[in-house]
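Here the structure comes first, spelled out in structure tokens, and everything after it is commentary.
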Amino acid sequence: MSEEKSLNFLEEIIENDIAAGINNGRIHTRFPPEPNGYLHIGHASSICLNFGLAKKYNGLCNLRFDDTNPSTEETEYVDSIKADVRWLGFEWANELYASDYFEQLYNFAVKLIQKGVAYVDDSSAEEMAAQKGDIGKPGINSIFRERSIAENLLLFADMRAGKYPDGAKVLRAKIDMTHPNLLLRDPIIYRIKHVAHHRTGNKWCIYPMYDFAHGQSDSIEEITHSICTLEFIHHRPLYDWFIQQLEIFPSHQYEFARRSVSYMITSKRKLLQLVNEKHVTGWDDPRMPTISGMRRRGYPAVAIRQFCDTIGVAKRENLVDIGVLEFCVREQLNKTANRVMAVLDPVKVIITNYPDGQTEQLIADNNTEDEHAGTRLLPFGKELWIERDDFMEEPAKKFFRLGPGLSVRLKHAYIIKCDSFEKDENGTITEIHCTYMPDSKSGSDTSGIHVKGVIHWVSAIHAHQAEVRIYDRLFTVEDPANAEGDFKDHINAASMHVLPRVMIEPSLSKAAIGAHFQFMRKGYFCVDTDSTENKIVFNQTVGLKDSFAKEMKK
RNA sequence: AGUCCGAUGGUGUAAUGGUAACACUACAGAUUUUGAUUCUGUCAUUCUAGGUUCGAACCCUGGUCGGACUACCA
């Protein structure tokens, strides 16, 4: 009964708050993306946290789009974000938009003016920057700081009415130009932008700054625990100041360290660059760390959730080994993916003592890890395709596969022995000649022969062809965001290999888009969205562990 | 320079004043009709100097190191 799992620091805060009766034990979180890009693995972490916490403590979690900058935001992104959150397995209590609060936010600003703690400033961006001071050096007051309340009210109304061009005026909070926290040196809270908004159209020509929208949006929604990443820690005093001045619901913000994963990049700006400059085929390129990319690559949602859970949450910087993510993916797929046979790099095997033209149907289990997975029929014949690297002309030590005089088990089928082989003028093996042991058939083996190696194969006359895309990490360095030079200098030029002529067993030819398989002894693969009626395309999701390859490297 | 945040095996996370643990990785072995899976084992950890205490990863003080902050972005 006492399967006590330790709490992370946020759970601890929440449990303490519940125990103290704060908000009567009500828990309400939110996931607040800006719709200016696709969600990535870092967002997945935040989604799992916010939705997960709400679920664990019988609370609610909103999906709120922080859409305060119309220049960068688009409906396409809204749609993709909703799809990704749902695919990850979460459903929001309310779908909300900061833009829904524009009128209320405007009134909040008016209230600050009336209280004498906000003013309209005509200074240019350069002037304000100059007056701001510096780290460790106090700023100086703007000459517009002491305008009368009446004048500020009038000016702000005129800003809304569109009487001024972009950049002519801003509304600022009047706090303290000498504050050690730069964010409290009279921050801008409204700016003029004659730009259409993806939801409000041309209704507004002034837009609140993120800092004047985010905290109040949380407050309006009565979010109890407003969870965000560490870089917003300096903003908290500002949000608290607004809440206090406006006398509205006191949401509390808590910050955690964003999760970095090795060989990945999670800057929306940089990801957008990869897309725009065609280093990848799109936001959902299977090499991208986006949720849509990982989905297309074949990572199961449950694996991503498990990953987020495994790496936990804390406040220190981190760089999580991508191997942990791959482990979670393999662990899920091992339980769920049906086993099939596909030969990625084919070489012909001819079984000389097998009758010409004969075929037989073998029974193959789909997944021994899943007792409900069932079996399928697998055709066998005289000519087979096997993997080129399952044959060695001069077998290495401990090579348990095919080579002159060596015997091997064909999975689900017979034991064969290699008698001879043929090469072309380049030294490439073209054909391998074997004999099979008729009494060694899987399931009814009476041969008494024991072989150590088992290889996969596909019957040549029954084989279908497929394109398979093999992926490697997108970057060559562990931490591309912090590596020397531009992050694009570290793009892995060989991050994708296309195998145009892979031999697949016939059962695979009608697999549905998105279906997961284990290609035995090779890895996990899924059917790509590029597949058509006549051509099926597979993505390699992740390879199998390969202790033999590791051994050979030594 | 100022303010704030952080520091536990190679990596990530626990231990909340009482034997430093779990996962991944690495390594070794067992099982295996996937060199997969599974199972067993091994290596390896509290930034530093003081203080409080019977007892400190934990509390206090100083230091060191790392990070964040100076957009009409979020």
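Things to note:
- For chain A, the share of DSSP beta bridges that are antiparallel, to the nearest 5, is 70%.
- Applying the Karplus relation 6.51 cos²θ - 1.76 cosθ + 1.60 with θ = phi - 60° to the stretch A:516-527 yields 3J(HN,Hα) values of 9, 9, 9, 7, 3, 6, 10, x, 9, 9, 9, 7 Hz, where x marks Gly and Pro.
- Pairs from A:Lys397/A:Lys535; A:Lys398/A:Lys535; A:Lys56/A:Lys82; A:Lys411/A:Lys510 whose Cα-Cα separation, in the structure shown, is over 29 Å: A:Lys397/A:Lys535; A:Lys398/A:Lys535
- For the stretch A:267-303, the list of trypsin sites (Lys or Arg not before Pro) that fall in a loop by DSSP and count at most 10 other C-beta atoms within 10 angstrom reads A:Lys278.
- Label-zone membership for the stretch A:128-168, site A:Asp122, 7 angstrom Cα→C-beta point, backbone N under 11 Å: A:144
- Sequence-distant lysines (8 or more away, or on other chains) whose Cα lies within less than 16 Å of A:Lys111: A:Lys174
- Computed [θ] at 222 nm, helices only, for chain A once each DSSP H run of length n ≥ 4 contributes -39500 (n - 2.57): -8000 deg cm²/dmol
- Look at A:Thr266, A:Thr541 and count the other Cβ atoms within 10 Å of each Cβ; fewest to most, that gives A:Thr266, A:Thr541.
- Built amide H within the under 5 Å cut-off of A:Val320, gap 5+: A:Ser260, A:Val261, A:Ser262
- Here the extension length gained between A:Ile233 and A:Gln245 equals 2.4 nm, from 0.36 nm per residue of separation less the Cα-Cα distance.
- Of the trypsin sites (Lys or Arg not before Pro) in the stretch A:493-533, those whose Cβ has at most 15 other Cβ within 10 Å and which sit in DSSP loop: A:Lys510
- By the Cβ distance rule of under 4.7 Å, chain A has these cysteines without a partner: A:Cys61, A:Cys205, A:Cys228, A:Cys328, A:Cys418, A:Cys434, A:Cys526.
- Cut-off under 5 Å, modelled amide H: who pairs with A:Ile415 long-range: A:Leu410, A:Met437, A:Ser440
- Cross-link pairs A:Lys132/A:Lys169; A:Lys203/A:Lys270; A:Lys5/A:Lys545; A:Lys278/A:Lys522 - those with Cα-Cα distance over 23 Å: A:Lys203/A:Lys270; A:Lys5/A:Lys545; A:Lys278/A:Lys522
- Rough spin-label spacing in nm, given labels placed 7 Å along Cα→Cβ, for A:Thr446 and A:Asn16: 7.5 nm
- Alpha-carbon centroids, the stretch A:137-210 and the stretch A:1-40: separation in whole Å: 34 Å
- Table column - 3J(HN,Hα) (Hz), the stretch A:492-501, Karplus curve with 6.51, -1.76, 1.60, x for Gly and Pro: 7, 5, 10, 7, 9, 10, 9, 9, x, 9
- Summarising the amide proton neighbourhood of A:Lys193: residues at separation of 5 or more, or on other chains, whose placed amide H is nearer than 5 Å comprise A:Ile206, A:Tyr207.
The numbers here are math on the coordinates, done by the rules we state, and not lab data. Everything quoted here is computed from the prediction, not taken from an experiment. As a convention, Cβ positions derive from the backbone with ideal geometry for all residues, glycine included, and neighbour counts pool all protein chains shown.
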